[in-house]
Amino acid sequence: MNIVACIKQVPNTDSTIRLKPDGSGIVETGIEWVMNPYDEFGVEEALRMKEKLGGEVTIVSLGPARAITAIRTALAMGADRAIYINDPVFDGVDAYMTATALAAVIKTIPCDIVFCGQRAIDDDSGQVGAILAALLDIPQVTVATKVDVEGNFIKVVRPVEGAELLIESPLPCVVTAHKGLNEPRFASLPGIMKARNKPVEVKDAAMLGVSMDVKAEVIGTMPPLARPPGKIISGDDIATKAKELAKLLREEAKVI
Amino acid sequence: MAKGVWIITEQRYGTFRKITFELASTARKLADELGEDACAILLGSGIEGIAGELGKYGVDKVYVADQPIFDPYTTDAHAAAIVQLVKEHEPSILFLGASSQGKDLSAHLVGRLETGMATDCTHVKVVDGRLRAIRPMYAGKCFGEVAINAFPQMASLRPNVFPVVKSARETVIVKFDPGIGPDQLKTRILEVRKITNGKADLTEANIVVSGGRGMKGPENYAILEDLAEILGATVGASRAAVDAGWRPEADQVGQTGKVVSPNLYIACGISGATQHLAGMGTSKCIVAINKDPDAQIFTAADYGIVDDLFKVVPELTKEIKALIS
């Protein structure tokens, strides 16, 4: 199996996000950067697949200079090599352009299955995996919680509202990973040592032969609207407080 | 020239899902501002009869393909049919729901139609004849305003956020046959395992009662189930509770779980980490019950009770029962 896992580096979930005063994005200093957790499920699944069926795991990532640490993490977990799309022209591009660049790389390497996270927790866009499938003209199965390879097919469990679907897809295909797919391993010390010598091929836009074609642009960012301060319900005892809350929900908020 | 505000409807078992009416109402509003038509695409099997309902929510014209190939939903069949129609009619704006199906389909369409999309929007408007979409980013820690410089300008709308507005309109129903054969379907649905607990999915529930670390153990969720029963609510959980193995992953609300936007969200024993607030911050009314007065959840709450949830919740259940019965 030739397995590709796409990863993105993102601020960890505890990071405080501060906006640049001109609304052009976030202040990057002071942020702890990690591999997107959903991508980590994809990398882990790729590694398990390789361990079971043999083959090679290639990490493909688009990002600025700092993103190399996320790539090294994936290699330390056990991936074999990486292709790192690093070019300032790609800074802050949309999902379509990101997928275009990833597709340009993936088209050049043997590939039976592509894993992506079902969404990245920074822009929360959740588009790249499916756009990639469309651009590569291969099937997609998104938001997977279980993946089994059977010959030239995979069977994937996908949760939807009120049901769980069992979907079969021929290979090659794109699978986007969801929480519950697996429990990602930690990079071991020997793994970290070995990762230093694993090949990382760096590509820029010219090498990929892609031209800039951004379709969606974030033209401004703003802090969330502050909620009006809430009411802390006081009272002599719990029964009084509960009664007051029930009344407020009924008469003031009109939600019950 | 691209014209018209279009929506991709969502139905299951021949019944429109609420998000469809939210999409239709929003499309109507923007279509009026632009002086254009609001159109819908309806795909499914045995669904032709429901097409007319869309007029009640302001849709001028519905394109209907009522064929077995569209049931159950597959990315391949739906995308193929929609791409055909969109290429033929060139709508200016195309809305989908940010539901499971909508997310899968919309992102694929972005690739096929070579356009851009704003995902999971909480507000949309027209500025100088073009779509502007507002959406949470970084788990709701900030919001971005997105402009799309290609057509159709796509946006997926967060369920339960956009109002449903009735409007009496006669809908023109246009049947079409996209001519999609089974050989065009690459993926196959082998099995649909319905989760039949009789509750609405978290993302669709009007009321959510959630428990966190403060629940202390899985057995204690019974008091939340009791409250949920009275309210017709669905029970959710924080990441802490899911990671502890008290509740299944499907119940998790937050940045790495489900995003919910109910009318009422009752957080019990939840500290209110950013990761959790990301998943429920757009709820219309938030109640926090926590014995720690400094818990961050109180900064997001409309109403709070600082006390022992094990005493407050049963009492609240009793009071609400008395009030609504």
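The values are calculated or read from the model by the stated rules, or taken from the named source; none is laboratory data. In this text, all values refer to a predicted model and were calculated from it rather than measured experimentally. Positions of Cβ are backbone-derived with ideal geometry, glycine not excepted, and every protein chain shown enters the neighbour counts.
So which of B:Ile82, B:Ile7 ends up being outside any strand (DSSP E or B), crowded, with 19+ Cβ neighbours inside 10 Å, at pLDDT 95 or above and among the β-branched types (Val, Ile, Thr)?
B:Ile82
Which of (1) in contact with a Lys or Arg (Cβ under 7 Å, 6 or more places away or on another chain); (2) under 25 Å from B:Thr122 (Cα atoms) is the odd one out, the single condition A:Val157 does not satisfy?
(2)
Hey, among the residues in the stretch A:197-246 that are surrounded by 14 or more Cβ atoms within 10 Å (Cβ to Cβ) and of a type in the set (Lys, Arg), which one's nearest to A:Ile17 (Cα to Cα)?
Here the answer is A:Lys215.
Filter the stretch B:289-305 down to the residues that are crowded, with 24+ Cβ neighbours inside 10 Å and within 28 Å of B:Thr119 (Cβ to Cβ), then identify the one that is nearest to the other protein chains (Cβ to nearest Cβ).
If we take residues in the stretch B:289-305 being crowded, with 24+ Cβ neighbours inside 10 Å and within 28 Å of B:Thr119 (Cβ to Cβ), then B:Ala301 is nearest to the other protein chains (Cβ to nearest Cβ).
Would you call B:Leu96 buried (at least 22 other Cβ atoms within 10 Å of the Cβ), touching a residue at least 12 places away in the same chain (Cβ under 8 Å) and assigned to a helix (DSSP H, G or I)?
Spelling it out, it is not the case that B:Leu96 is buried (at least 22 other Cβ atoms within 10 Å of the Cβ), touching a residue at least 12 places away in the same chain (Cβ under 8 Å) and assigned to a helix (DSSP H, G or I).
With A:Ala79, A:Ala70 as the choices, which residue is away from chain B (no Cβ under 14 Å), farther than 21 Å from B:Ala147 by Cα, in a loop (DSSP other than H, G, I, E, B) and under 19 Å from the mean Cα position of the chain (by Cα)?
Exactly one residue qualifies, and that residue is A:Ala79.
How many of the residues making up the stretch B:196-216 are within 14 Å of chain A (Cβ to nearest Cβ) and not hydroxyl-bearing (Ser, Thr, Tyr)?
12
Out of B:Val127, B:Val146, I need the residue that is β-branched (Val, Ile, Thr), free of Cβ contacts under 8 Å to residues at least 60 places away in the same chain and crowded, with 24+ Cβ neighbours inside 10 Å. Which one?
Answer to the selection: B:Val146.
Hey, can you tell me all the residues within the stretch A:180-198 that are within 13 Å of another protein chain (Cβ to nearest Cβ) and in contact with a helix residue (DSSP H, G or I) (Cβ under 6 Å, 6 or more places away or on another chain)?
Scanning the stretch A:180-198 gives A:Gly180, A:Leu181, A:Asn182, A:Pro184.
With the requirement that a residue be crowded, with 20+ Cβ neighbours inside 10 Å and not small (Gly, Ala, Ser), what does the stretch A:50-71 give you?
A:Val57, A:Thr58, A:Ile59, A:Val60, A:Leu62, A:Ile71
With respect to B:Gly116, is the statement that it is at pLDDT 95 or above, out of contact with any Pro (no Cβ under 9 Å at 6 or more places or on another chain) and buried (at least 24 other Cβ atoms within 10 Å of the Cβ) true?
yes
Filter the stretch A:199-224 down to residues that are touching a strand residue (DSSP E or B) at 6+ places or on another chain (Cβ under 6 Å) and more than 30 Å from B:Ser156 (Cβ to Cβ), then give me how many there are.
Residues flagged as touching a strand residue (DSSP E or B) at 6+ places or on another chain (Cβ under 6 Å) and more than 30 Å from B:Ser156 (Cβ to Cβ) within the stretch A:199-224 amount to 5.
Only one of B:Ala237, B:Ala205 is more than 13 Å from B:Phe310 (Cβ to Cβ), without any contact (Cβ under 8 Å) to a residue 40 or more places away in the chain, buried (at least 22 other Cβ atoms within 10 Å of the Cβ) and of a type outside the set (Lys, Arg). Can you tell me which?
Matching residue, one of B:Ala237, B:Ala205: B:Ala237.
Among (1) at the interface with chain A (Cβ under 10 Å from one of its Cβ atoms); (2) within 21 Å of the chain's Cα centre (by Cα), there is one condition B:Val260 misses while meeting the rest; what is its number?
(1)
Looking at (1) more than 20 Å from A:Val143 (Cα to Cα); (2) surrounded by 20 or more Cβ atoms within 10 Å (Cβ to Cβ); (3) in contact with a strand residue (DSSP E or B) (Cβ under 8 Å, 6 or more places away or on another chain), which one does B:Ala273 not meet, given that it meets all the others?
Looking at each condition in turn, B:Ala273 falls short on (3).
Among (1) closer than 29 Å to B:Cys121 by Cβ; (2) within 7 Å of chain B (Cβ to nearest Cβ); (3) not in a strand (DSSP E or B), there is one condition A:Lys243 misses while meeting the rest; what is its number?
The one condition A:Lys243 does not meet is (1).
Restricting attention to the stretch B:106-123, which residues are more than 7 Å from chain A (Cβ to nearest Cβ) and touching a Phe, Trp or Tyr at 6+ places or on another chain (Cβ under 8 Å)?
Across the stretch B:106-123, the qualifying residues are B:Glu114, B:Thr122.
Across the stretch B:158-189, what is the number of residues that are at positive phi and away from chain A (no Cβ under 14 Å)?
Count: 1.
Within the stretch B:312-325, take every residue that is facing chain A (nearest Cβ under 7 Å) and surrounded by 18 or more Cβ atoms within 10 Å (Cβ to Cβ) and give me the one that is nearest to B:Val242 (Cα to Cα).
If we take residues in the stretch B:312-325 being facing chain A (nearest Cβ under 7 Å) and surrounded by 18 or more Cβ atoms within 10 Å (Cβ to Cβ), then B:Val312 is nearest to B:Val242 (Cα to Cα).
Within the bounds of the stretch A:104-127, is there any residue that is farther than 29 Å from A:Lys215 by Cα, crowded, with 24+ Cβ neighbours inside 10 Å and among the aliphatic types (A, V, I, L, M)?
no
Given the structure, is A:Lys179 at pLDDT 95 or above, basic (Lys, Arg) and in the same structural domain as A:Asn12 (by TED's automatic domain parsing)?
no
Return yes when B:Val126 is modelled with pLDDT of 95 or more and in the same structural domain as B:His78 (by TED's automatic domain parsing) and no when it is not.
yes
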